[in-house]
1. For log10 I(q)/I(0) by the Debye sum over Cα atoms at q = 0.07, 0.08, 0.11, 0.13 Å⁻¹, the choices are [x] -0.51, -0.63, -1.03, -1.34; [y] -0.42, -0.55, -1.02, -1.33; [z] -0.36, -0.48, -0.94, -1.34; which was calculated from the structure?
2. How do the peptides 484-495, 36-47, 343-354, 222-233 rank, highest first, by the average count of neighbouring beta carbon atoms within 10 Å per residue?
3. Within 10 Å, Cβ to Cβ, of residue 113, how many net charges do the neighbouring residues add up to if Lys/Arg are +1 and Asp/Glu are -1?
4. From the phi angles alone, apply the Karplus equation (6.51, -1.76, 1.60; θ = phi - 60°) to region 231-243 and give each ³J(HN,Hα) in whole Hz, x where the residue is Gly or Pro.
5. Karplus couplings for region 34-43 from phi (6.51 cos²θ - 1.76 cosθ + 1.60, θ = phi - 60°), rounded to Hz, Gly and Pro as x?
6. When the chain is fully extended, how far beyond the present Cα-Cα distance does residue 287 get from residue 256, taking 0.36 nm per residue of separation?
7. Amide H neighbours of residue 462 under 5 Å, counting only residues 5+ apart in sequence or on other chains, H built in-plane at 1.01 Å?
8. Indicate, rounded to the nearest 5 percent, the antiparallel portion of the DSSP beta bridges found entirely in the chain.
Amino acid sequence: MTALPAPTTSREQRSTVIVGGGPVGLTMALDLARRGRSVTVLNRLDYIPIGSKAICFSKRTLDIWDKMGIGQTMLDRSVTWELGKVFWGAGNEPVYEFDLLPVKDQKTPAFINIQQYYVEEILVDALALSDNVDLRWGHEVTDVAPSTDGVRLTVVAGAIPYEIDADWVIACDGSHSPVRCMLGLDFEGRIFEDNFLIADVRMKASPRRAERWFWFDPPFNPGQSALMHKQPDGVWRIDFQLGWDIDRDACVRPENVEPYVRGLLGEGVEFTPEWYSVYTFQCRRMARFVHGRVIFAGDSAHLVSPFGARGCNGGIADVDNLGWKLDLVLSGEAPEALLETYNDEAVTTADENILNSTRSTDFMTPKTAVSRAFRDAVLELARDCLFARPFVNSGRLSTAVSYPHSMLNTPDEPGQAWSGPPPGAPPVDAPLGDGWLQEQLGDGFILLVNGWTGPTPAGVALLDLAAVEPRPNLLLDRWNLTPGAAYLIRPDQYVAARWRKPTPGAVAAALQRAKGLNA
């Protein structure tokens, strides 16, 4: 990449400005651009950095990218995996293993592993095909001045300052978020007193499959833990727990890292270093994500431990939640208050991720004799006892978060029994015709029905499964769609309402509610 020069005018007017060109900011730009919105992206760096960042991307994230037309590209470039294994002590057999996609027959896998810089390259290539995106490399925001109807940004490009008057600013500028700092906002939560070493190494060949391997108290890192993932290009990500009182500079010297790697891989396995670094993680978030015309998403709004792959995946969930709502506000179809539901739902997701990350970390890094005894007892029982296995917590892996209490939901009718996804739940994929349900849900409001008579209600697209051949019985079963039943699906593919016997009036009322018009 090369830095773009500063504009020739000292002040510009823009509708929506995204600060930050990582996966979250670029996905946000792609989502809005596909909806016909003009977007300016300001990225402080004038290049895509290499290094060891996010690598594990969840099924939900892949579904979102698939909706945006880049899911298959991500799949083709990545390593796919669904199985996780947990080891304890010196044992060569796992005490527990788990399948992250227990519901089969879905288009996308449970997880893909792909280096973050490849993700960013794919997103940049997709954005280059759009006339709606102005992606500015080497443009750093140095001041943020909000007002009641917009935000004035001071930007520096190549030592030349200029200003942008933006209607909306979306801060996706990372864990140290300059935008957040310039507004005097802060995180709340917990910083963990532990350090972990990332060792990305390249191996010419490895008999290990593309699975998630986690070790408690292994002989090559006694009293601590380790985690291993396969990446594309023969690169493997290995995390080693180090403890709290360490010399961070010394820990990343090759002569100190390689004994750890050699102890895990065994003698005779050839490897070369790709990236060594030490990190300490936090489980914290902002009190609010919406501050007038400045909206926060991703690491700028919330931070979690990397165990469970909830950081970047949580950020992609943020922008998927925000994009359609901001689009409706910009078009005048919904009030600005609709964005409060982004705040509520994104905070719900962040809290769920923080809760799971905190529990994982407490299990993995016991700080008292009692907590260590509990952990070791669980691991011992997990070898043979099914009831103990759910208590093994090496990082609960990222899944889509439900919003059962969202003000956009229409409650079920009294007395109606359902087994399908309830209001506020994410979608469940299944085969549909020659493809998949998720390919048909799109990014607008959908009325998913099993038989419909009369005109299509205004404001929705009708997807009638009764007209699909061969009959999608698996899909009907998963959604519990009896003849005549219907679901209203939001543009982010979450369930807004469902009925056994819908009426046009009920659909219209639920649609109004889902747009924040009468909630």
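Values in this text are rule-based calculations from the coordinates and carry no lab data. What you are looking at is a predicted structure, and each value in this text was computed from that prediction instead of being measured. Here the Cβ positions follow ideal geometry from the backbone for every residue, glycine too, while neighbour counts run over all protein chains shown.
1. [y]
2. In decreasing order of mean packing, 484-495, 36-47, 343-354, 222-233 become 484-495, 343-354, 36-47, 222-233.
3. Residues close to residue 113 contribute a combined charge of +3.
4. With the stated coefficients, region 231-243 comes to 10, x, 6, x, 9, 10, 8, 10, 10, 10, 6, 10, x Hz.
5. Per residue, the Karplus-derived 3J(HN,Hα) values read 5, 8, x, 8, 7, 9, 10, 10, 10, 10 Hz.
6. Net length gain for the segment: 7.1 nm.
7. 447
8. 70 percent
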